[in-house]
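Colleague: I have a structure I would like to understand better, so I am pasting it below and will then ask my questions one at a time.
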């Protein structure tokens, strides 16, 4: 998959990028909401991981802009300031999931598997939720 990470904290973005590349995905990085919107429009990623608190254009603002433009693709919202209200707002604006930072790479792997099954049905099995 071609995945876009929209994250202003470089160490977080690099950790996500490294993990996703190890899983075999192409990864694009954007450091703020404006760069993220540009990357969505110009690069057409399959899915995105979107920090909610961003400079220039917030994650919520970006989700709203994508909705206005009629751009629909899986977006996983992420926040270090997680709240139920913020999670609901992201989901109402079209995010498919919401991750509270910090999250484990295991959790990220499960989200990634769900994205793969959603985008490419029949290619991979859905993850097992049993332990």
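The values are calculated or read from the model by the stated rules, or taken from the named source; none is laboratory data. Keep in mind it's a predicted model, so treat the numbers as computed, not measured. Cβ: placed from backbone, ideal geometry, glycine included. Neighbour counts: every protein chain shown.
Colleague: Condition (residue is part of a loop (DSSP other than H, G, I, E, B) and over 24 Å from residue 19 (Cβ atoms)) applied to the range 98-113: is it met by at least one residue? Give the derivation first.
Modeller: Initially, the range 98-113 is screened for residues part of a loop (DSSP other than H, G, I, E, B), giving 101-104.
Add one more test, that the residue is over 24 Å from residue 19 (Cβ atoms), and what stays is none.
No, because not a single residue in the range 98-113 is part of a loop (DSSP other than H, G, I, E, B) and over 24 Å from residue 19 (Cβ atoms).
Colleague: Looking only at residues in the range 24-41 that are touching a residue at least 12 places away in the same chain (Cβ under 8 Å) and assigned to a helix (DSSP H, G or I), which one is surrounded by the most Cβ atoms within 10 Å (Cβ to Cβ)? Spell out the reasoning first.
Modeller: Going through the range 24-41, the residues touching a residue at least 12 places away in the same chain (Cβ under 8 Å) turn out to be 25-37, 39-41.
After this cut, where a residue has to be assigned to a helix (DSSP H, G or I) as well, the list is 33-37, 39-41.
Numbers: 33: 25, 34: 17, 35: 19, 36: 30, 37: 20, 39: 18, 40: 23, 41: 12.
Going through the qualifying residues, I end up with 36.
Colleague: From the set of residues in the range 44-77 that are assigned to a helix (DSSP H, G or I) and under 13 Å from the mean Cα position of the chain (by Cα), which is surrounded by the fewest Cβ atoms within 10 Å (Cβ to Cβ)?
Modeller: Of all residues in the range 44-77, those assigned to a helix (DSSP H, G or I) come to 59-68.
Restricting the remaining residues to those that are under 13 Å from the mean Cα position of the chain (by Cα) gives 59-60, 62-63.
Values: 59: 26, 60: 20, 62: 27, 63: 23.
The residue in question is 60.
Colleague: Right, something else. For the range 81-125: of the residues being farther than 21 Å from residue 1 by Cβ and surrounded by 14 or more Cβ atoms within 10 Å (Cβ to Cβ), which is modelled with the lowest pLDDT?
Modeller: Quick first cut of the range 81-125, residues farther than 21 Å from residue 1 by Cβ only: 81-89, 91-93, 100-102.
Those left that are additionally surrounded by 14 or more Cβ atoms within 10 Å (Cβ to Cβ): 82, 86-87, 89, 91, 93, 100-101.
Values: 82: 85, 86: 95, 87: 96, 89: 96, 91: 96, 93: 95, 100: 96, 101: 94.
Once the filter is applied, the top-ranked residue is 82.
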